[in-house]
1. Can you work out ³J(HN,Hα) from phi for every residue in the range B:691-697, in order, using Karplus 6.51 cos²θ - 1.76 cosθ + 1.60 and θ = phi - 60°, giving whole Hz and x for Gly and Pro?
2. Any number yet on Rg/Rh for the protein assembly as shown, C-alpha, Kirkwood?
3. Going by a ≥ b ≥ c, the root eigenvalues of the Cα gyration tensor, does the range B:657-701 fall in the rounded group (a/c under 1.5), the prolate group (a/b larger than b/c) or the oblate group?
4. Choose one of B:253, B:149, B:205: the residue whose Cα lies farthest towards the positive end of the charge dipole of the range B:145-320 (beta-carbon charges +1 Lys, Arg; -1 Asp, Glu; about the Cα centre).
5. Rank the residues A:78, B:7 as a footprinting-exposure proxy: fewest other Cβ atoms within 10 Å of their Cβ go first.
6. Please report the relative contact order for the range B:544-696, taking Cα pairs under 8 Å with a sequence separation of at least 6, and give it as a percent rounded to a whole number.
7. Between the range B:355-423 and the range B:596-641, what's the alpha-carbon centroid distance in Å?
8. Using θ = phi - 60° and the Karplus relation 6.51 cos²θ - 1.76 cosθ + 1.60, list the HN-Hα couplings for the range B:53-65 in order, rounded to whole Hz, with x at every Gly or Pro.
Amino acid sequence: MDDPNTDVIQGTLDMLILKTLSLEPMHGFGIARRVEQISRGVFKVNPGSLLTALQRLERAGWLDAEWSNTANSRRAKFYSLTRAGKKQLEIETRDWTRRASAIARLLKAEA
Amino acid sequence: MSLWRQFTRGLRSLTHSSQADRDVADEVNQYFEEVKAELMSKGLSEQDAKRAARLESGSMAQVRDQVRSDGWENALTSFAADLRFAMRQLIKHKSFAATAILTLALGIGANTAIFTVVQSILLAPLSYKDADRIIALNTRWTDTGHQSTRVTGPDAEDVRARARSLEAVSLYSGGQMGVQLRDHAVFTVVTGVDPDFAHVFGLQPIAGRLFNEADAHRAVLVSEQFARDNFGGSQAGLGQTIHIENEAVQIAGILPEGFDFPAKTQVWEALPERPESRSRTAFNYRAVGRLRSDVSLAVARAELNGISRRLEAAYPADNRKKQLTLVLLQQAMTGNARPTLLLLSGAVALILLIACVNVTHLQLVRSMERQRELAIRAALGSSRWQLMRPVVAESLLISIAGGLFGIVMAVPAVHALVAIAPKELPRAAEIHLNLWVLAFTLALSLLATVVSSLLPAYRATQVDPSEALKQDSSRGMTQHKATVLRNGLVVAEVAATFVLAASAGLLLRTMATLIARDMGYQTAQMLVVDADAPAHTMEDAQRVVRQYDILFAQLAALPGVEHVAGIMGLPTGEHGSNGYYKVKDSPRAAAGHESQADFSVASPGYFQKMSIPIKRGRDFASQDSYDNQFVAVISASLARQSFGDSDPIGRQIQCGLDSDNWMTVIGVVGDVRQESPAAKPGPTLYMPMAQHPFFATEIHIALRTQVKPLVLMNAVQQKVLETNPQIALHFTTMDAMLGSSIATERFRAALVSSFAGIGLLLAMLGVYGTISYTVAQQRFEIGVRMAFGAEKDRILRMILRHAVRLACFGVALGLASSLFLARLIAGMLVGVRPLDPLSLSTAALLLLLTAIVAALAPARRATRVEPMLALRAE
């Protein structure tokens with residue numbers, strides 16, 4: 001068994017959630033699937049970590065949460081981005097870009 | 001915003017925990033439903049979809065737990081679980097818990113009690129309106145640094161007129177006085193105050209009105225209590241006429257209960273705005289003022305400095321080097337109590353330290369017993385904090401319980417404190433437990449938690465699982481570091497106790513010195529009557545003196561009375577006076593030196609009655625009347641001070657008590673200690689009552705009795721009232737007066753000694769604990785030694801030597817601290833030096849003995865170790 005690593009890179013889950021929610025309000029499962037789809041299966045999100053992160057982000061004031069019905073009329077907790085959340089996403093994106101490009105440069109130099 | 005949200009959400013999930021649980025469960029449920037639905041839409045059966053979802057995402061229960069364990073409130077919940085666990089542990093180890101809790105209760109209780117007093121007296125603001133702007137005016141001499149709480153009338157008047165930073169300045173003076181009512185007279189505190197007084201304190205009468213300038217010497221304000229006691233109520237008292245010093249005054253207003261400034265005043269007599277004493281060298285007044293709301297104390301002080309300099313320029317002789325200063329009234333009122341209270345705070349802080357050390361020690365012993373438990377926890381991967389948590393939780397419970405018991409103990413302690421406190425203790429009536437004190441106690445408990453669990457908790461994290469699990473503690477192979485730590489704690493404890501015991505020794509020696517002191521007069525079997533006869537004119541006063549003469553003869557005839565005499569300026573009494581005097585044809589006086597003495601006005605027979613020896617010349621006699629040559633008797637130190645070796649009899653002396661008449665010295669008597677046993681015997685100038693009638697109306701009548709002095713009270717009272725019903729009386733004994741003159745010293749000595757006693761008890765517990773533990777740990781070793789033929793005596797000596805060594809280290813450390821702390825206590829000592837070898841060596845001996853006694857029981861236990869049993873134990 002030599003499965004490729006599908007763990008979300010440490011410390012980036014928050015950013016991925018914020019980015020996903022910046023398009024539209026979504027429930028937990030929706031977020032998980034969206035991350036998987038867009039990353040083309042590179043990242044798989046573990047529900048325990050995801051729901052914990054959602055609770056934490058809501059407490060931090062970056063997300064709002066509301067119970068409403070899904071398309072197939074199941075009750076679900078929908079999360080949406082607050083204004084503070086948008087700002088946080090910008091900060092994290094900028095930070096990530098900076099670090100990722102640094103790593104990319106380093107790797108290129110090695111090669 | 002986000003912090004607030006953290007807090008409220010956390011709180012909501014704590015208080016509505018089932019709701020929060022349901023929310024999470026619903027959300028997790030829905031997630032899994034979605035997963036299942038997705039899989040089923042790909043064609044899986046419901047069963048297979050369920051299994052696949054589980055494979056992919058784990059169990060729902062796991063996910064729920066993970067989500068629910070996030071957030072601060074869950075740390076709290078798990079700490080609560082720790083507390084429950086700690087509670088069970090404490091219940092299981094009852095003797096450990098009880099010892100620790102009681103020890104801390106003792107320490108916290110003592111601190112709570114003393115802090116109650118400190119808070120009520122030093123910290124709580126005075127109960128007057130805007131009390132932080134009320135100041136007291138003082139006089140200070142810049143050359144000597146001497147400071148007086150009194151001011152002269154004209155100086156204070158100038159401050160009132162010129163100081164812009166003061167809104168109002170009020171002068172007052174007074175003291176215990178007789179007040180004549182319609183059918184009786186009472187002794188009470190009467191203070192003459194000017195119309196600004198009410199402004200300074202923001203007073204509002206509960207009935208009637210305040211003074212104005214026209215009321216001077218015509219009106220008084222009285223306290224609600226005075227009106228109730230003497231007239232039955234405020235309204236009944238209003239408008240009544242009473243007599244003070246033979247002046248008829250009318251009660252114009254009633255002041256509310258609780259206001260009794262200064263010094264428990266009950267009657268405030270109206271004085272004119274312009275002070276009647278016009279001398280700039282007679283310090284006849286005290287003064288208070290009110291700062292303007294926009295002015296700081298520093299600015300006001302600076303302004304007063306300027307005014308003082310201008311006054312010095314204007315009156316170069318009278319105001320030389322004289323500076324008017326101000327302090328907050330609260331400081332002025334409580335300043336004298338401060339050193340005593342700080343001493344007591346220091347003493348109880350040491351007690352708490354000792355108590356904490358004991359608890360730390362108990363904790364350490366306990367944490368060693370559960371090293372295995374900790375080791376297993378560590379081996380299973382507990383974090384440092386998780387290892388420390390049970391220790392901290394236990395400490396917290398112990399401290400909180402100790403704090404609660406401490407408060408319970410503090411309540412009676414505060415009552416006892418107030419009961420034995422010296423009368424001069426300011427604001428004693430305001431002392432009570434309050435929220436500040438409770439907050440202090442809570443903080444103290446938390447501090448005790450931290451202090452007493454710091455070391456044990458740290459040690460808990462240092463457990464090396466592999467070592468700890470291998471090591472068998474009953475084999476006597478304890479870690480060396482642990483032993484050093486425990487010994488260090490005992491040394492610290494002994495040192496702190498030594499400091500307490502040594503201070504107690506010094507204060508007790510001071511007391512012993514004071515009690516044993518020769519006062520220069522006889523104090524036993526002496527009834528003292530504080531008598532104040534009203535007199536306003538010279539004729540009044542002379543009549544009173546004649547009445548007193550007759551009265552003394554009548555009182556002397558009472559059965560059980562040996563001698564009777566009258567005196568203004570009885571030692572330790574209230575009515576003394578003092579000042580400068582001059583000697584005619586004296587080279588010293590010519591050189592501009594002025595000499596000071598206490599002034600007393602006495603009746604013939606006073607010296608004999610008090611057993612004050614007449615060394616030369618004669619006593620006053622009936623021929624020394626107002627119309628004859630004025631005479632004086634001087635004390636031996638005055639004779640030495642002003643006449644050296646030459647004969648003072650027949651020389652002329654003058655003082656400013658009431659007249660400038662030259663008085664002929666007719667006798668020399670022995671010295672007395674005037675203020676209290678702590679005072680040095682000093683120069684005193686005695687004058688006959690007949691020649692100074694104005695100072696002979698408010699006197700002490702002293703009766704030497706053959707029976708118990710107070711037995712005669714009724715008979716004496718009857719005789720006095722027969723002679724003059726307007727004389728106000730107050731009875732006491734010389735011994736009681738003497739006792740109250742050293743009340744502060746006694747208070748300090750009694751409290752510090754009891755604290756030292758508590759300290760010794762705790763130190764004994766500490767030594768007992770550590771030696772017992774050592775012995776228990778060394779059972780195996782002792783068994784081996786005995787198996788190889790060591791004698792019991794040797795074992796006993798080995799254990800005792802250990803205890804004595806610890807005590808010696810402690811005493812040495814304590815001695816070093818005492819050397820450092822000695823100067824703090826020096827001001828409170830009389831007749832002993834701060835490094836008094838007797839006190840220090842007694843304290844050292846006491847601690848060594850304590851250590852030996854405490855170690856004796858465990859040491860004997862060690863000698864009874866049966867080698868076979870000890871070796872077979874495992």
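Where a number appears in this text, it was derived from the coordinates with a stated rule and is not lab data. What you are looking at is a predicted structure, and each value in this text was computed from that prediction instead of being measured. Methodologically, a virtual Cβ is constructed for each residue, glycine included, from the backbone with ideal geometry; neighbour enumeration extends over all protein chains shown.
1. Going residue by residue, I get 8, 9, x, 5, 8, 10, 8 Hz, with x marking Gly and Pro.
2. Radius of gyration over Kirkwood radius for the protein assembly as shown works out to 1.14.
3. Numbers: a/c = 2.30, a/b = 1.42, b/c = 1.61.
Note, shape of the range B:657-701 comes out oblate.
4. Going by the charge dipole, the pick is B:149.
5. Numbers: A:78 18, B:7 13.
The most exposed by this proxy come first: B:7, A:78.
6. On the way: 303 pairs, mean separation 45.6, N = 153.
Value for the range B:544-696: 30 percent.
7. Measuring centre to centre over Cα atoms gives 67 Å.
8. 4, 5, 4, 6, 10, x, 7, 4, 4, 4, 5, 4, 4
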